[in-house]
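Novice: Pasting a structure below so you can have a look.
The values are calculated or read from the model by the stated rules, or taken from the named source; none is laboratory data. Quantities reported herein were computed from a predicted structural model and do not represent experimental measurements. Glycine also receives a Cβ, built like all others from the backbone with ideal geometry; neighbour counts cover every protein chain displayed. In case anyone asks, the SASA skips ligands and DNA or RNA and just uses the protein heavy atoms, side chains included. Shrake-Rupley method; radii C 1.70, N 1.55, O 1.52, S 1.80 Å.
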Amino acid sequence: MKLTTVKFLIGQALVSIKRNGMMSLASTGTVAISMFVLGTFLLLALNANLVADTIESNVEIAVLLDADATPEEINSTYEDIVALDGVLEVTHIPKEEALDRLSRQFGEEHDLLQALGGVNPLPDSFIVKVENPRMVGEVAEVLSRFNYVDKVRYGKGLVEKLFSILDWVRWLGTAVVVLLSLAAVFLIAITIRLTVFARREEITIMKYVGATNWFIRWPFFLEGLFLGTLGSLLATAALYYSYSYLVGYVAASISFIPLITDREFLLQVLLCLLAGGAVLGAVGSAISVRRFLKV
Amino acid sequence: MIHLYNVTKEYPNGVVALKNVTVNINKGEFVFLVGPSGAGKSTFIRLIFREELPTSGQVIIAGKSIARLRPSKVAVLRRNIGVVFQDFRLLPDRTVFENVAFAMRVLQYSQREIDQRVPEVLHLVGLTSKAGNYPYQLSGGEQQRTAIARAIVNNPKILVADEPTGNLDPETSWEIMHLLYEINKRGTTLIVATHDQKIVDAMKRRVIALDRGRLVRDDQEGGYGL
């Protein structure tokens, strides 16, 4: 391609953006709004996922040992649990600490130990975290069959229900994002198609004077790329600032909700949106032109 | 230069626009294509610059059958054929200069070559003073001159014109026809589809007459006939 041609084609793209001012504005606006809505729900879904992950990772198993287990037996059980497949972390809670916790729940002014007649009835216990929260039932099952283990508790029934709710949240998030992506693709494609349709006469004349297909397609491709990038840039900028503001607000008022604050991850997500908009614009217009090239 | 062998063109809607037409047109000829509306004149023209393909038969331009051309070769073919339409088909948002230059940009000429060649052609068609005007600022005749300038700016070997004077008054028609004649004298093969009986009769050129898709007459120095 000659330099004159490159200059001409880029010039054509810019001139036609200016010349078709309203259509350019409409395309950019469509891209910006679609991408903003899509991005909003994408961030919502990602955050819902994070909340789900956090809740899941808080699931733990309480292993209560036999009350008369000796320190050696407790220790060997501890070693066995640590060595078990799928176990992430084991915390030993000696019976004294367990009593402390319990008495604190009753209030500082009560001396629980004294009330119990100087004998601590609580057993030693372990808090076990598993690598995969979904395996909590299986791991608990195995643990219950260990020597010196009296009882195993992990909120059976409740945990399964919680997981199915979390699955729903994840699934819904994905479905909404996929549907919105499709909606964005269609909206943008239709708008681009209209801009190309408005210029079909120009395309026909280009064909008559012997323009090759790529010569006609390049300005449209560049124009689509430019408008797509501009639109999604607006969307991502708006998303970035409103999200940052929202995160600051939530962190200050409802701090127990975990939110994605990792700037790098956030920028990656926004960059994907930006690239998506640019590609949609460019490819969309290149494809839309094709219909009018068959002259 | 242009050969049609036993060409039949049937459109998808069942209309047979041309039926078993065989025509040879030599280099440098000036040919009128006459006949009533719907006789197949426009289809004839469209076949030559390959806007349409024949249903059967062969259309051979400069030694090549148009049916077997790949899209990139179609573009090359069209660069050797200038086209002029009844409705001018100018780009409304560009000046006369840019409309003509457009055909050169497509062929990747440099700005220097464009700045040199376009004024030459505009001078030839008598539009030097209108170079900066937009199509809506021009008369019909001036618009058609612009279209002709665009069609010949790349020195095509063939120029086809589909009712070039159909939208113009008689006097302007004569001016346009005279311009086409001048272009023909420079060696360009010219095919003009027209209704204009007076012009055809007066110019005494080869006349190919079509009627309902059939070739009914081919006279070397004919009149419009009836």
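Novice: How big is D for the stretch A:166-214, in µm² s⁻¹ as a whole number, if Stokes-Einstein is applied with the Kirkwood radius of its Cα pairs at 10 °C and 1.306 mPa s? If you can, show how the numbers build up before the last one.
Specialist: On the way: Rh = 13.8 Å.
Diffusion coefficient, whole number: 115 µm²/s.
Novice: Which of the residue pairs B:Lys9/B:Lys64; B:Lys9/B:Lys198; A:Lys129/A:Lys151 have a Cα-Cα distance greater than 27 Å in the structure shown? Don't skip to the end; give the middle numbers.
Specialist: Working: B:Lys9/B:Lys64 19 Å; B:Lys9/B:Lys198 29 Å; A:Lys129/A:Lys151 16 Å.
Distance filter (> 27 Å) returns B:Lys9/B:Lys198.
Novice: Report D for the stretch A:60-153 in µm² per second (integer): Stokes-Einstein, Kirkwood Rh on Cα pairs, 20 °C, 1.002 mPa s. List each step's numbers first, then the result.
Specialist: Working: Rh = 14.0 Å.
The Stokes-Einstein estimate is 153 µm²/s.
Novice: Give a residue-ordered list of calculated ³J(HN,Hα) values for the stretch A:150-166 (Karplus: 6.51 cos²θ - 1.76 cosθ + 1.60, θ = phi - 60°; whole Hz; x for Gly, Pro).
Specialist: So the J values, rounded to whole Hz, are 8, 9, 10, 10, 9, x, 4, x, 5, 4, 4, 5, 4, 4, 5, 5, 4.
Novice: What is the set of long-range amide H partners of B:Gln86 at a cut-off below 5 Å, with H atoms built 1.01 Å from backbone N?
Specialist: Here the answer is B:Asp162, since their amide H atoms fall under 5 Å of that of B:Gln86.
Novice: Chains B and A: buried accessible surface, both sides, probe 1.4 Å, rounded to 100 Å²?
Specialist: Values: alone 11030 and 17760 Å², together 26780 Å².
Looking at B and A, the buried total is near 2000 Å².
Novice: Residue by residue through B:70-76, how many Cβ atoms from other chains fall within 10 Å of the Cβ on average? If you can, show how the numbers build up before the last one.
Specialist: On the way: counts 0, 5, 3, 1, 5, 10, 2.
Partner Cβ neighbours, averaged per residue: 4.
Novice: On to the next question. Cα convex hull of chain A: how many Å³ per residue? Present the calculation step by step, with values, prior to reporting the outcome.
Specialist: Details: hull volume 53.7 nm³, N = 295.
Taking the convex hull of the Cα positions in chain A, it is 182 Å³ per residue.
Novice: Return the sequence-ordered ³J(HN,Hα) values of the stretch B:153-158 in whole Hz as given by the Karplus equation 6.51 cos²θ - 1.76 cosθ + 1.60 applied to θ = phi - 60°, using x for Gly and Pro.
Specialist: Listing the rounded values in order: 4, 9, 6, x, 7, 10 Hz.
Novice: List, by residue number, every residue in the stretch B:146-165 with a reduction of 10 Å² or greater in accessible area between the chain on its own and the complete protein assembly, 1.4 Å probe.
Specialist: B:Arg150
Novice: Can I ask one more? Once the Cα atoms of the stretch B:62-102 are picked out, what are the Rg and Dmax in Å?
Specialist: 13.6, 38
Novice: With the contact rule set at Cα under 8 Å and sequence spacing of 6 or more, what percent relative contact order holds for chain A?
Specialist: Numbers: 347 pairs, mean separation 91.9, N = 295.
Computed over chain A, the figure is 31 percent.
Novice: Further question: Relative contact order (percent) for chain B, with alpha-carbon contacts under 8 angstrom and 6 or more residues of separation?
Specialist: Numbers: 436 pairs, mean separation 64.2, N = 226.
Here the relative contact order equals 28 percent.
Novice: A further question on this structure: Students often check this: by mean Cβ neighbours within 10 Å, which of A:188-201, A:275-288, B:65-78 ranks highest, and how do the rest follow? Can you show the working numbers first?
Specialist: On the way: A:188-201: 18.4, A:275-288: 21.8, B:65-78: 14.7.
Averaged packing, sorted descending, gives the order A:275-288, A:188-201, B:65-78.
Novice: Same structure, new question: Under 5 Å between amide H atoms, partner at least 5 residues away or on a different chain: which partners does B:Leu18 have, H built in plane at 1.01 Å?
Specialist: B:Lys9
Novice: Applying a 10 Å radius around every beta-carbon, put A:236-243, A:203-210 in order of their mean neighbour count, most first. Before the final figure, lay out each step's value.
Specialist: On the way: A:236-243: 16.8, A:203-210: 22.0.
Going by the mean number of other Cβ atoms within 10 Å, highest first, we get A:203-210, A:236-243.
Novice: Express in % the proportion of alpha carbon pairs of chain B at distances exceeding 33 Å. Provide the component values of the computation, followed by the final result.
Specialist: On the way: 3824 of 25425 pairs.
More than 33 Å apart: 15 percent of the Cα pairs in chain B.
Novice: Taking Cα atoms of the stretch A:1-96, Rg/Rh with Kirkwood Rh, to two decimals? Spell out each step's value before the answer.
Specialist: Details: Rg = 31.8 Å, Rh = 20.4 Å.
Result: Rg/Rh = 1.56.
Novice: Using only the Cα atoms of the stretch B:4-110, construct the convex hull and provide its projected area averaged over every direction, in square nanometres to one decimal. Mind showing how you got there, number by number?
Specialist: Working: hull surface 34.8 nm².
Orientation-averaged projected area of the Cα hull: 8.7 nm².
Novice: For the protein assembly as shown, what does -39500 (n - 2.57) per DSSP helix run (n ≥ 4), summed and divided by total residues, give at 222 nm, in deg cm²/dmol to the nearest 500?
Specialist: Numbers: 17 runs with 291 residues, N = 521.
Calculated from helices alone, the mean residue ellipticity at 222 nm is -18500 deg cm²/dmol.
Novice: Something else: With N residues in the stretch A:137-205, what two-decimal value do you get for its Cα radius of gyration over 2.2 N^0.38 Å?
Specialist: Details: Rg = 27.5 Å, N = 69, 2.2 N^0.38 = 11.0 Å.
Here the Cα radius of gyration is 2.50 times the empirical estimate.
Novice: Would you list which lysines come within 17 Å of A:Lys18, measuring only between C-alpha atoms, while excluding same-chain residues fewer than 8 positions from it?
Specialist: Reachable lysines: A:Lys7.
Novice: For B:Tyr224, what residues show an amide H to amide H distance below 5 Å, using hydrogens built from the backbone and excluding near sequence neighbours?
Specialist: Hits under the 5 Å cutoff: B:Asp201.
Novice: So, one more: Taking R0 as 60 Å, what FRET efficiency do you get between A:Trp168 and B:Ser72 from their Cβ-Cβ distance, rounded to the nearest 0.05? Don't skip to the answer; put the middle values down first.
Specialist: Details: r = 55 Å, r/R0 = 0.91.
That gives a FRET efficiency of 0.65.
Novice: Which of the chymotrypsin sites (Phe, Trp or Tyr not before Pro) across the stretch A:244-295 are loop residues per DSSP, with 15 or fewer other Cβ within 10 Å? Spell out each step's value before the answer.
Specialist: On the way: sites: A:Tyr245, A:Tyr249, A:Phe256, A:Phe265, A:Phe292; in loops: A:Phe256.
Passing sites in the stretch A:244-295 are A:Phe256.
Novice: How much accessible area per residue does chain A have, counting only protein heavy atoms and a probe of 1.4 Å, in square angstrom? Each step should come with its number before you reach the end.
Specialist: Details: 16740 Å² over 295 residues.
Each residue of chain A exposes 57 Å² on average to a 1.4 Å probe.
Novice: For the stretch A:106-164, run through the trypsin sites (Lys or Arg not before Pro) and keep only the ones in DSSP coil with at most 14 other Cβ atoms within 10 Å of their Cβ.
Specialist: Numbers: sites: A:Lys129, A:Arg134, A:Arg145, A:Lys151, A:Arg153, A:Lys156, A:Lys161; in loops: A:Arg145, A:Lys156.
Qualifying residues, ordered by number: A:Arg145, A:Lys156.
Novice: Step by step: find N for the protein assembly as shown, compute 2.2 N^0.38 Å, then divide the Cα radius of gyration by it. What's the final number?
Specialist: Relative to the 2.2 N^0.38 Å estimate, the protein assembly as shown comes out at 1.69.
Novice: Could you go through the stretch A:185-197 in sequence order and give the Karplus-derived ³J(HN,Hα) for each residue, using 6.51 cos²θ - 1.76 cosθ + 1.60 with θ = phi - 60°, rounded to whole Hz, and x for Gly and Pro?
Specialist: Here the 3J(HN,Hα) series is 4, 5, 4, 5, 4, 5, 4, 5, 4, 5, 5, 5, 4 Hz.
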